[in-house]
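The values are calculated or read from the model by the stated rules, or taken from the named source; none is laboratory data. Everything numeric here is computed off the predicted structure, so don't read it as measured data. All Cβ positions, glycine included, derive from the backbone under ideal geometry; neighbour counts span all protein chains shown.
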Amino acid sequence: MFERDKIIDAIRPSEEAEEKGSAFLKSLRQAFLRGLAIVIPVFVTIWLLWLIFQLIDGIASPFYQYIGLNIPGLGFITAVVLILLLGVFSRYLVVKFFFRMIERFFLNLPLAKSVYGGARELINAFSPDKKSGTFQEVCMIEYPRKGVYTIGFITNELNYREKDGENRRLTNVYIPLPPNPTTGMLTLVPSEEVIPLSISVEQGLKLVLSAGIVTPPELSRSKDKVPGQ
């Protein structure tokens with residue numbers, strides 16, 4: 001009996017030390033995950049801004065290098081100023097006519113027509129100046145499996161004719177993929193299975209692009225539209 005008590009007393013400190021060690025490792029793991037939650041968004045933002053900087057800077061930099069001006073960032077500043085000037089003067093009739101001619105040229109080219117038209121519609125969907133954007137409404141659909149819901153944006157509706165001649169109403173739902181909302185996937189969902197939500201497109205974009213961190217007070221079915229109608 002005495003020997004057994006000695007063995008138990010010898011085992012107990014090792015168990016307590018093991019519990020303390022596992023608790024310490026758990027706290028380290030949680031601290032590491034909290035650090036990742038802070039660092040990753042910062043690095044992703046810096047990386048995306050650097051890519052945009054490189055892209056825009058590369059537009060005008062060759063010209064300055066040709067005339068002997070190798071100033072880092074000068075091409076970026078020039079490109080930003082030119083884009084701002086285009087935005088300011090785009091309101092004038094002459095400039096509008098000029099860009100319509102360029103647009104008509106691209107739309108008449110077989111391959112460029114698809115690329116330019118699709119890119120223009122996608123950019124218009126995210127444009128704050130559009131009174132009626134391409135994204136009509138925020139919705140939920142069961143994807144990628146039953147019981148799991150994904151936030152999407154209704155872009156249009158169409159009819160699908162079955163082999164027996166029966167028409168089926170489908171809703172075009174665009175699912176953006178963060179961090180770049182212009183990349184995503186299009187799903188054709190039976191209209192009766194689409195759940196329209198009573199939040200704005202801007203709130204829906206914030207919800208998706210923040211990975212659910214920025215959320216509206218609540219999600220509820222929109223009363224303005226009945227699915228399938």
Has the range 17-32 got at least one residue that is in contact with a helix residue (DSSP H, G or I) (Cβ under 6 Å, 6 or more places away or on another chain), modelled with pLDDT under 80 and of a type outside the set (Asp, Glu)?
no
With respect to Leu55, determine if the residue is surrounded by 11 or more Cβ atoms within 10 Å (Cβ to Cβ), at pLDDT below 80 and in a helix (DSSP H, G or I).
yes
Which of the residues that make up the range 146-174 are under 16 Å from the mean Cα position of the chain (by Cα) and surrounded by fewer than 17 Cβ atoms within 10 Å (Cβ to Cβ)?
Thr150
